1. Please go through the range 191-221 and pick out each residue that is touching a Leu at 6+ places or on another chain (Cβ under 9 Å) and under 30 Å from GLN268 (Cβ atoms).
2. Please find, within the range 345-378, the residue that is surrounded by the most Cβ atoms within 10 Å (Cβ to Cβ) out of those that are in contact with a helix residue (DSSP H, G or I) (Cβ under 9 Å, 6 or more places away or on another chain) and of a type in the set (Val, Ile, Thr).
3. Among the basic types (Lys, Arg), at pLDDT 95 or above and not assigned by TED's automatic domain parsing to the domain that holds LEU351: does that describe ARG237?
4. Considering only the range 104-148, state which residues are among the small types (Gly, Ala, Ser) and farther than 19 Å from TYR339 by Cβ.
5. For the range 238-253, which positions are at positive phi and in contact (Cβ under 8 Å) with a residue 24 or more places away in the chain?
6. For VAL173, state whether it is in a strand (DSSP E or B), outside the structural domain of GLN111 (by TED's automatic domain parsing), in contact with a strand residue (DSSP E or B) (Cβ under 9 Å, 6 or more places away or on another chain) and within 29 Å of ARG393 (Cβ to Cβ).
7. What are the residues in the range 226-269 that are part of a strand (DSSP E or B), within 14 Å of SER306 (Cα to Cα) and in contact with a Gly (Cβ under 6 Å, 6 or more places away or on another chain), if any?
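The values are calculated or read from the model by the stated rules, or taken from the named source; none is laboratory data. Quick caveat, the model's predicted, so the values are computed rather than measured. So basically every Cβ, Gly included, is an ideal-geometry build from the backbone, and we count neighbours across all protein chains shown.
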Amino acid sequence: MVVRFSKSPNHEIAKSRNVLVLYNIEVPPESSVAEVEEPSKAAPSSARRIPHWLSRLRSYAILDPLIFFYTLILGSASLAASFADPTGAKQHAIAYVSGFNAADPAQVSVQWLVHGRAAEEEIQGDRAFHISGGYQTFLDLLTDDLASRQVPIHLNTKVQRVRWNTGQVEIGVVSGKSEATFSAPRAVITFPLGVLQSAAQEAGINFDPQLPAEKLRALEKLAMGKVVRVTLCFRRRIWEDITAQEKTLAGMSFLFSDDKLFPTWWTQMPDPVPMITGWAPAASAENLRGMSEGRIVQKAIETLSSLLGLEQSLVQSELVGAYFHDWDLDPFSQGAYSYVKAGGEGCQRTLGAPVDSTLFFAGEATDVSGHNGTVHGAIASGKRAAQEILALR
């Protein structure tokens, strides 16, 4: 994937906005990565993967951390521009971090961002994939496998308390008006980070006894991104004939802008379906707070119309459906996905560590491979927790 940026890639589209368009095309050779030691650390174990063009610098500490991350994303072509216009480069980096990672730029760890970027490079993470039929297809595979093993799944069942001591766990739940308790020698805790943080503040699920102090400290070093999502479904792909940067938007996968409400958009590429998702992260989600669902959907339509340079009436006439979700207000997630605060790198490992060979932890916030906030990171953490339990046998 090549990322091309200009302040006004197409006047009819940008309308004086800063727009960043990502296309599904090949990665250029200069975007390859190499092993380079951080200047402040001499041990080989501290090597950090960064682009080879940046490794030629005597020390990348001369760059502002967010500018460094911006050049890391865009490649060598942006390095000179970053030095020439550091303020602009930092603004673009802040917009990217907020829009793509749903992170608060004032809190997020740049070291964590770089670690995640290196992890993406290793698995060609800039290529877009979608599960045919959606995530329900994946869930059906898991539930069918569990059913074949006669493992029951209790839906519409809310956990209220986790009472534990070494070798024994009792989970208190409520389903409708009925309460029940499940017991086992061990339990895998997969609550989203926001739910765990509420439990740590004794405002949600009750842990008895409370989680160990090191877990609570790790929770304080992590944050859950705030996101409002609106998915717009159209009769046709209204953007595919629009031209930007001397090519059409038919292959567009992501669209980043400086819009205050919906700065980030993505399509279902490589599937050419007439659906696009608007993403209101961090401060953008705060700006939407208090609006009705209908008003938020209308704001999304206004933003998309402006970014594409289309009449709002045309966009409205092609719309066949809109779907909305506020992840921050969802009591079962309390946020979208996790990120690490400045100075907190490594706290994911502490959060994911077992407690007394009794409580085991999984979920994207416990991933240590650089894939926080992803489905594959969550799955990998679940496998890791299962292996920890099996190792006790």
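1. The one that is touching a Leu at 6+ places or on another chain (Cβ under 9 Å) and under 30 Å from GLN268 (Cβ atoms): LEU193.
2. Checked the range 345-378; the qualifying residue surrounded by the most Cβ atoms within 10 Å (Cβ to Cβ) is THR366.
3. Taking the combined requirement at face value, the residue satisfies it.
4. Matches in the range 104-148: ALA128, SER132, GLY133, GLY134, ALA147, SER148.
5. Residues of the range 238-253 that are at positive phi, as a first pass: 245-246.
The answer is GLN245, and nothing else.
6. yes
7. Correct list: PHE256, THR264, TRP265.
So that you can scan it fast, the table gives a plain yes or no per residue for (1) in a helix (DSSP H, G or I); (2) within 18 Å of VAL230 (Cβ to Cβ); (3) of a type outside the set (A, V, I, L, M, F, W, C):
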| residue | (1), (2), (3) |
| --- | --- |
| ASN287 | yes, yes, yes |
| GLU302 | yes, yes, yes |
| LEU310 | no, yes, no |
| VAL315 | yes, yes, no |
| ALA322 | no, yes, no |
| LEU329 | no, yes, no |
| PHE332 | no, no, no |
| ALA336 | no, yes, no |
| GLY343 | no, no, yes |
